[in-house]
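For reference, the structure discussed in these notes is given below.
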Amino acid sequence: MEVMTAQSTAVRKIIPGKREMAEDRIYVGLDIGTTKIAVVIAREDQYNQLSIVGVGTHPSTGLRRGVVINIEKTVDAIRKAIEQAELMSGHKIHSVYAGIAGDHIRSINSKGVITVSGKDRVINESDLFRVVDVASAIGLPMDRIKIHVLPQEYIVDDRDGIKKPIGMSGTRLESEVHIVTASASAIQDITNCVHQAGYEVDQIVLEPYASSLAVLDSDELDLGVAILDIGGGTTDVAVFFDGSIRFTSIIGLGGQSVTNDISHGLRTPMEQAEDIKKNFGCALQSMIEQDELIRVPGIHGRAPREISRNVLCAIIQPRMEEIFNLALRELEKSDVFDSIGAGIVLTGGASLMPGTVELAESVLGLPVKLGSPVVEGGLAETVRSPMYATAVGLVEFSRKSADGSPERKEDSFTNRIVDKVRRYFEDLF
Ligand SMILES: Nc1ncnc2c1ncn2[C@@H]1O[C@H](COP(=O)(O)OP(=O)(O)OP(=O)(O)O)[C@@H](O)[C@H]1O
Ligand SMILES: [Mg+2]
């Protein structure tokens, strides 16, 4: 396994010649969503203060359920979103950390054991890399590629629950890791789109993992928490316990299905259904006054109509319930579901609908809250929304990966998958 290098290529010294800025670092997150492309550019100063300096968004029409289906449209949207963020920030960027989702994503937990190598039996960085390598050596079909190998904990001889084993003494080192794999073609399509837009990909990052980095705090991670990112095309699940990631999964349903149902139910075009949903939608029918009426503009010369908001919510609620029931089924697959002490955090645009938190609580039987990225800087207000959790999380991931300390690196034993995918396709043809 090749392990991500300490010094990421995304990190560049900027504005050469300006000494006071020489230590600044730039991080770029590119969230290629089913409904929008979002780009966040952040700058970290020499005091490790991170501020958002550029944000770009563009409607995305080239994806279905988190997967690229139209390269041309996706390239165009990526280019426009990045250019917008570049203009806002005043920085020309070269490479990005890009998100990946879709129901081709699979994840498993795995274990590996090694004998500690040094004469003094003190665990060093190379032991750590070796044991993670052993744990991640799983057989994979030809068309799948590992995108993350995330260590959960280590066992040194008989001592378990260890997070940072470097410097500890022992003869036997065991690691438990969470492995995420993705379809090679899906990775290649994302990489191609970014290249064609004129940029490099530093890393491909699982979207719910990125979102969790933006909105979860360390207490929640320790107590046990699940994140549900309900986007347009997918609902992404990640479960954490005892400070580590335990489970990830992607469900191929999101806010677009709700819009689709409204469009069918009210016999109205998708665009208008989307407006009605955002302006009047509610995920819980019991929160609506019985006689509330909403005015729907007529289309193609027809007269405007008045419909009951109750009817609208009767269309929305079953679909949202289905999403939460599917999420519950996924959450129950994680063997730590019963230990989720901090409850559920919702992100993604579809979580903004009134009644969503209440409905989620009743289906999942756990406390639920909305999660927004915690960030600073002039543009922080713009990205302090559940819709930007993934893009800000990608920035956080790139910052984590760029930190050269072994402790930080332990958190991100991630393959240089972009190189791997390139090799995979070279071997194929
Ligand atoms: N105020 C709102 N009320 C209800 N739904 C909303 C609201 N704002 C946005 N949405 C919905 O959120 C969805 C988009 O969310 P988001 O931007 O997180 O998705 P995405 O990242 O593009 O898609 P995905 O993550 O599934 O690939 C759309 O279906 C949109 O209708
Ligand atoms: Mg998304």
When only residues in region 119-142 that are open to solvent by less than 70 Å² (accessible area, probe 1.4 Å) and not in a helix (DSSP H, G or I) count, which is nearest to residue 250 (Cα to Cα)?
140
Output the number of residues of region 80-118 satisfying the condition of being within 27 Å of residue 180 (Cα to Cα), open to solvent by 10 Å² or more (accessible area, probe 1.4 Å) and away from ligand 1 (no atom under 15 Å from the Cβ).
10
Under the condition of being without any contact (Cβ under 8 Å) to a residue 40 or more places away in the chain and open to solvent by 10 Å² or more (accessible area, probe 1.4 Å), which residue from region 255-267 is nearest to the chain's Cα centre (by Cα)?
260
Got a number for residues in region 36-49 being in contact with a helix residue (DSSP H, G or I) (Cβ under 7 Å, 6 or more places away or on another chain) and either away from ligand 1 (no atom under 16 Å from the Cβ) or assigned to a loop (DSSP other than H, G, I, E, B) (or both)?
3
Scanning region 196-219 residue by residue, those more than 17 Å from residue 39 (Cβ to Cβ), outside any helix (DSSP H, G or I) and within 14 Å of ligand 1 (Cβ to nearest atom) turn out to be 206
Test each condition in (1) farther than 24 Å from residue 137 by Cβ; (2) open to solvent by 10 Å² or more (accessible area, probe 1.4 Å); (3) in contact (Cβ under 8 Å) with a residue 12 or more places away in the chain for residue 195 and report the one that comes out false.
(3)
Scan region 143-169 for residues that are without any contact (Cβ under 8 Å) to a residue 24 or more places away in the chain and open to solvent by 40 Å² or more (accessible area, probe 1.4 Å) and jot them down.
157, 158, 159, 160
Restricting attention to region 181-195, which residues are of a type outside the set (Ser, Thr, Tyr) and part of a strand (DSSP E or B)?
182
Which one of 365, 343 is more than 28 Å from residue 38 (Cα to Cα) and out of contact with any Ser or Thr (no Cβ under 7 Å at 6 or more places or on another chain)?
365
With respect to residue 74, determine if the residue is within 16 Å of ligand 2 (Cβ to nearest atom), of a type in the set (Ser, Thr, Tyr), modelled with pLDDT of 95 or more and closer than 29 Å to residue 239 by Cα.
no
Whichever residue in region 322-339 is open to solvent by 10 Å² or more (accessible area, probe 1.4 Å) and assigned to a loop (DSSP other than H, G, I, E, B) and, among such residues, is nearest to ligand 2 (Cβ to nearest atom):
336
If you go through region 242-281 one residue at a time, how many are more than 30 Å from residue 339 (Cα to Cα) and not acidic (Asp, Glu)?
22
Quick one: is residue 222 without any contact (Cβ under 8 Å) to a residue 24 or more places away in the chain, open to solvent by 10 Å² or more (accessible area, probe 1.4 Å), in a strand (DSSP E or B) and more than 16 Å from ligand 2 (Cβ to nearest atom)?
no
Only one of 403, 335, 419 is modelled with pLDDT under 90 and not assigned by TED's automatic domain parsing to the domain that holds residue 56; which?
335
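The values are calculated or read from the model by the stated rules, or taken from the named source; none is laboratory data. Model, not experiment: these values are computed from the prediction. A quick note on method: Cβ atoms are made from the backbone with ideal geometry, for glycine too, and the neighbour counts reach across all protein chains shown. With ligands, DNA and RNA removed, areas are computed over all heavy atoms of the protein, side chains included. Shrake-Rupley method; radii C 1.70, N 1.55, O 1.52, S 1.80 Å.
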